[in-house]
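Structure, as C-alpha cells:
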Amino acid sequence: MLKKIATGFLAVAATSALALSLPSAANASTAAAAHHDDDYSDYWSPVYSKNGLAKSQGWIGVSWDEDGESNEVTVKGRLYDLDNRDEDEGGKCAFVKFEASDFDHDWSPVFSKKYCGFPGYKKFTFSENDVFSVRVKVCQIGQYSNYPTKCGRWEYLYTAESE
C-alpha cells in the first residue's frame with residue numbers, strides 16, 4: 001500500500017514538473033526570437049579603463065546574408081564617466097574605441113566615443129559590414145585632448161569562428 005502511494009506521488013510530481021516546464025520553455029524561445037532577428041546576439045559585460053574610472057557595456061548582434069558570405073554587425077552600448085574629479089583636479093572623460101577585422105584578419109578602427117559627464121552615461125550605436133571579429137577598449141581622455149590614457153585591455157566581443 002505504501003509503495004502505491006509513493007508511486008502515485010512520484011507520478012503526480014513528474015507530470016506537474018513537465019507541465020510547468022513546457023509553457024515556460026515555449027515562451028522563452030518565442031521571446032528570444034521576437035527580441036532579435038540576428039544569427040548571433042549577446043550582451044557584453046562591463047569593460048573598464050585601466051584605473052576603473054570609465055566603463056562601457058552593451059549588446060552585439062550579427063546578421064548573415066542567405067549565402068553566409070557577408071554579415072552586418074550592430075553594436076549598442078553605454079559609455080559611463082566614473083571620474084568624479086573636475087578638470088583642475090586631474091579628472092578625465094570616458095572614452096571607448098572599437099576595432100573590427102575583416103575576413104582577411106586586418107584590424108581597423110570602426111567607432112569611438114568620448115563622454116564627459118560624471119556620474120552619467122552616453123548611449124551609442126554603430127553598424128559595420130563584413131566583419132570577422134570585433135573588440136573594444138575603454139580609456140580615459142582629457143576633455144580637450146585627442147590622446148586616450150589609462151586604457152584597459154582589448155576585450156573581444158565577437159569572432160565569426162566562435163558561432
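Structure values in brief
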{"read-out": "Asp67 versus Asp86: modelled label distance in nm, points set 7 Å from Cα along the beta carbon direction", "value": "6.0"}
{"read-out": "Within the range 63-163: Cβ-based charge dipole about Cα centre, in debye rounded to nearest 20 (Lys, Arg +1; Asp, Glu -1)", "value": "900"}
{"read-out": "Reachable lysines, given that their alpha-carbon falls under 30 Å from the alpha-carbon of Lys55 and they are not under 8 places away in the same chain", "value": "Lys76, Lys92, Lys97, Lys113, Lys114, Lys122, Lys123, Lys137, Lys150"}
{"read-out": "Protection-proxy order for peptides 81-91, 109-119, 50-60, each taking the mean of Cβ atoms within 10 Å per residue, highest first", "value": "50-60, 109-119, 81-91"}
{"read-out": "Segment Phe103-Ser145, extension gain: residue separation times 0.36 nm, minus the distance between their alpha carbons", "value": "11.8 nm"}
{"read-out": "Two-site label geometry, Asp130 and Asp42: point separation in nm, points 7 Å out along Cα→Cβ", "value": "2.5"}
{"read-out": "Packing rank of 130-141, 94-105, where each peptide gets the mean count of other beta carbons within 10 Å, highest leading", "value": "130-141, 94-105"}
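Here, each number is a calculation from the coordinates, and none is a lab measurement. All values derive from a computational prediction rather than experimental measurement. Methodologically, a virtual Cβ is constructed for each residue, glycine included, from the backbone with ideal geometry; neighbour enumeration extends over all protein chains shown.
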